[in-house]
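**Student:** Questions regarding the structure given below will be posed in turn.
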Amino acid sequence: MSAAYNEYLVPGKRGFHIDESALMCKNGCDFYGNPVWQGYCSKCWRDHSQKAKQAQQLQHHHQVSPVQPGVSGSPHAFAKFEEKKRQQVDKRSKSMRSIFKKAQGSIKADQASHPTAHWNQQKQPSFESQQVKRDFDDFLKSLRKPAAADVFKQIHAFVEKVQQSEDMPIEDLSEMVQDFYQSMAERLQTHTAFKGFSEEQAEQLLGFIEKYLTTRLYKLLFCPLTTDDEEKDLRVQNRIRSLNWITTTQLDAEVDDRDPVIREKIDQAITDIIKMDSKRAPQDKLACTVRCSKQIFEILKASRGQPASADEFLPALIYIVLKANPPLLHSNMSYVMRFGDPSKLMKGEAGYYFTNLCCAVSFIENINAESLSLTQEEFGRYMSGEAVPPGGYGSNGSTCEGLRLMYQNLNALAELCKRQETLMENTLTLQQEMRGFKEAMLQEIDGVIARTPCTIRERVKANIDEEDSEVDNLPPPLLPTPASV
Amino acid sequence: MAGRGTAQRPNGAGAAGKICQFKLVLLGESAVGKSSLVLRFVKGQFHEYQESTIGAAFLTQTVCLDDLTVKFEIWDTAGQERYHSLAPMYYRGAQAAIVVYDITTQDTFSRAKTWVKELQRQASPNIVIALAGNKADLANGRMVEFDEAQAYSEENGLLFMETSAKTAMNVNDIFLAIAKKLPKNDQAGGGAVGQGGSGSRRLDEGGAGSQGSTGKCCK
């Protein structure tokens with residue numbers, strides 16, 4: 001699947017061109033190709049898929065293999081019916097989601113026979129739709145009247161068009177939406193209603209158009225039944241779950257997941273990446289990726305004490321994705337690639353972090369013993385849950401709080417034990433040193449005593465009354481003389 | 001935000017009229033100083049990081065060339081061997097690449113060569129590739145001879161400089177040299193900002209042709 005992500009990352013349209021040879025249509029018609037259309041340009045892709053459709057109709061596939069939308073183009077109507085049925089049977093017990101989907105599928109079937117059902121559904125737009133409609137209306141009010149009116153007209157015609165062609169394969173829908181972005185971008189530059197629009201205004205307006213469209217049409221565009229997105233989601237989810245034993249050291253991620261402060265930041269990053277699923281517009285989903293990435297830089301800075309580079313960032317992101325196991329990750333990423341602005345995925349900060357996310361998922365899908373510097377045997381044992389890698393308490397932490405606490409306590413105890421030991425050792429050395437000091441001191445004192453023997457000389461008594469020749473030489477005592485008045 | 005360097009630009013954005021934007025990827029083994037090189041280029045720092053720098057994985061910097069402003073968008077990649085296979089996802093669509101090695105380790109030079117080979121095979125055919133022998137300040141421990149690397153670069157049509165993020169030697173120069181070598185005609189350059197959302201869906205033959213002539217470096 002990494003190849004699939006790779007391909008998506010080639011910019012297709014909206015005037016953002018970097019790598020011609022990779023971008024040109026596979027047919028060699030000098031037009032640009034788009035990975036969503038398998039590298040063909042829109043025209044050649046249409047021809048190609050038309051041919052594929054015809055070929056399929058001729059062959060009459062009764063035995064339907066899982067439909068690879070990217071490969072077989074649009075399935076034949078009957079094949080599609082079969083496919084839906086198969087999905088409904090297959091996924092009965094898989095997830096709550098599929099149950100909802102099923103219900104939706106049956107509504108769609110009803111709508112096919114009663115076209116008016118569309119309008120019923122439209123009368124109760126979701127909360128998000130109402131919200132974005134209000135925001136969009138406010139934004140339109142800030143524009144000049146003719147411009148606002150034109151945008152409004154275009155967009156509503158398009159929404160209707162998409163709603164009527166909801167059973168199209170997702171590649172065609174993606175093409176339609178991207179074509180619409182493109183034509184709107186061109187319209188902003190050429191149409192008289194938009195004369196005098198600044199670059200920024202145009203950019204903002206296009207952003208709003210993308211947001212409004214994708215939010216309104218989210219149910220149609222996100223993880224549609226015609227694709228195997230849901231299966232892939234489950235596959236990624238299970239894969240991540242089976243890898244929950246991976247430690248930071250095995251990935252080269254310098255994340256200190258023992259520190260409670262950093263743990264909090266990790267939780268924040270996990271929340272950010274999980275939030276991606278709750279947003280509807282591709283730009284908002286991208287914003288979640290960016291927020292998560294920034295949080296990861298904070299984590300790395302706190303763990304290492306200096307700013308991180310990509311050498312540290314990618315492993316940390318992989319670690320966060322493994323810990324978070326974001327819901328419907330594959331669907332979310334495909335959705336962003338199908339309906340987001342392709343130039344934003346190739347350029348800029350959001351593009352960089354999204355590329356990293358694609359890399360992280362690709363790495364996770366292809367993880368093996370070698371990529372974690374483990375032996376095949378070790379890897380097998382960790383995968384089967386027979387063993388837990390040393391120092392991997394962090395990985396168990398998010399699955400079981402009690403276990404995490406236990407590990408934390410064990411770790412704390414081990415740490416205390418170690419400290420106790422060093423303390424003991426230090427005490428012993430101190431004791432020994434004291435003893436040595438005492439001995440050395442005594443020795444020194446002995447030495448000094450030996451060098452300076454204490455002999456007490458006999459005291460000579462002096463007799464001051466004794467006659468002495470020296471006394472005779474002294475001058476006579478001074479005589480008092482009366483003072484003359 | 002991850003360090004959108006506004007202060008201390010070595011070549012601050014001047015009043016030049018035209019702005020070209022290019023994506024540049026950094027490849028190289030993990031401890032060769034890729035990010036130090038970029039931090040030196042973008043922020044003029046080495047080790048004494050500013051508070052504002054939270055990461056050096058994605059950075060932008062503008063350089064001025066005569067009447068032209070070239071804006072580099074620098075994408076750093078993880079250099080560890082285990083992440084090597086992911087590199088194509090980063091350099092796809094890049095107009096320039098700097099492959100960094102450490103002159104004190106022979107291994108990093110051999111890995112740099114594999115990256116160069118890979119870029120020539122898989123990246124855009126017009127990509128400008130520069131080879132940077134970093135840590136030139138540690139010439140005492142040199143394991144990769146200057147002449148050897150230069151001969152290799154000439155053979156493969158690469159820009160080559162020995163750099164030092166620590167002393168700032170050749171850091172700005174290598175980026176400037178790349179900027180000079182990049183094709184600047186806005187259609188093909190993929191970057192003239194003014195062309196942002198326009199419908200340049202079709203590339204005229206002339207644009208591709210003239211770009212081909214400047215892109216001789218990697219053929």
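Read the figures in this text as sums done on the coordinates, not as results from a lab. All of these numbers come straight from a predicted model, not from anything done at the bench. Note that we place each Cβ from the backbone using ideal geometry, even for glycine, and neighbour counts take in every protein chain shown.
**Student:** At 20 °C and a viscosity of 1.002 mPa s, what translational diffusion coefficient does Stokes-Einstein give for the stretch A:399-446, taking Rh as the Kirkwood radius over Cα pairs? Give it in µm²/s as a whole number.
**Tutor:** Translational D for this selection: 158 µm²/s.
**Student:** What ranking of A:HIS330, A:HIS191, B:HIS84 emerges when the number of other C-beta atoms within 10 Å of each C-beta is taken as an exposure proxy, fewest first?
**Tutor:** Ranked by crowding around the Cβ, least crowded first: A:HIS191, B:HIS84, A:HIS330.
**Student:** Calculate the FRET efficiency for A:GLU254 and A:THR452 from the Cβ-Cβ distance with a Förster distance of 56 Å, rounded to the nearest 0.05.
**Tutor:** Rounded to the nearest 0.05, the efficiency is 0.30.
**Student:** Okay, next question. Rounded to the nearest 0.05, what FRET efficiency is calculated for A:THR427 and A:GLU378 with R0 set to 60 Å and r the Cβ-Cβ distance? Write down the numbers at each step before the final one.
**Tutor:** On the way: r = 41 Å, r/R0 = 0.68.
The value I calculate is 0.90.
**Student:** Can I ask one more? Using only the Cα atoms of the stretch A:228-367, what semi-axes does the equivalent ellipsoid have when each is the square root of 5 times a gyration tensor eigenvalue? Give whole Å, largest first.
**Tutor:** 23, 18, 13
**Student:** For the residues B:LEU39, A:LEU428, A:LEU328, what sequence is obtained by ranking on other C-beta atoms within 10 Å, fewest first?
**Tutor:** Fewest-to-most Cβ neighbours within 10 Å comes out as A:LEU428, A:LEU328, B:LEU39.
**Student:** Output the relative contact order of the stretch A:228-367, whole-number percent, from Cα pairs under 8 angstrom with separation of 6+ residues.
**Tutor:** 34 percent
**Student:** With 10 angstrom as the radius, rank B:TYR152, A:TYR407, B:TYR91, A:TYR40 by how many other C-beta atoms surround their C-beta, starting from the fewest.
**Tutor:** B:TYR152, A:TYR407, A:TYR40, B:TYR91
**Student:** What is the distance in Å between the Cα centroid of the stretch A:326-359 and that of the stretch A:125-203?
**Tutor:** After rounding, the separation between the Cα centres reads 21 Å.
**Student:** So, one more: What whole number of Å gives the distance from the Cα centroid of the stretch A:243-315 to the Cα centroid of the stretch A:207-234?
**Tutor:** 26 Å
**Student:** Continuing with the same structure: For A:MET434 and A:ASP284, FRET efficiency with R0 = 60 Å and r from the beta-carbon atoms, rounded to 0.05?
**Tutor:** Approximately 0.30, to the nearest 0.05.
**Student:** Apply the Karplus parameterisation 6.51 cos²θ - 1.76 cosθ + 1.60, with θ equal to phi minus 60°, to every residue of the stretch B:127-134 and state each ³J(HN,Hα) to the nearest whole Hz, in sequence, with x for glycine and proline.
**Tutor:** 5, 8, 10, 10, 10, 10, x, 7
**Student:** Follow-up question, since we're still on this one. In what sequence, highest mean first, do A:446-454, A:411-419, A:352-360, B:109-117 appear when ranked by Cβ atoms within 10 angstrom?
**Tutor:** Put in order of decreasing packing, that is A:352-360, B:109-117, A:411-419, A:446-454.
**Student:** Which whole number gives the average, over all residues in A:353-366, of C-beta atoms from other chains lying within 10 Å of the residue C-beta?
**Tutor:** Details: counts 3, 0, 8, 8, 0, 3, 9, 2, 0, 3, 5, 0, 0, 2.
Taking all residues of A:353-366 together, the mean is 3.
**Student:** Still on this structure: In this model, which of A:LYS265/B:LYS113; B:LYS43/B:LYS117; A:LYS294/B:LYS23; A:LYS347/B:LYS18; B:LYS43/B:LYS184; A:LYS51/A:LYS232 are farther than 29 Å apart at the alpha-carbon?
**Tutor:** Values: A:LYS265/B:LYS113 39 Å; B:LYS43/B:LYS117 31 Å; A:LYS294/B:LYS23 21 Å; A:LYS347/B:LYS18 19 Å; B:LYS43/B:LYS184 25 Å; A:LYS51/A:LYS232 27 Å.
Checking Cα-Cα distances, A:LYS265/B:LYS113; B:LYS43/B:LYS117 exceed 29 Å.
**Student:** Please report the spacing between the Cα centers of the stretch B:110-154 and the stretch A:439-454 in Å, no decimals.
**Tutor:** Their Cα centres are 73 Å away from one another.
**Student:** Can you pull the mean other chain C-beta count within 10 Å for peptide A:294-307?
**Tutor:** 3
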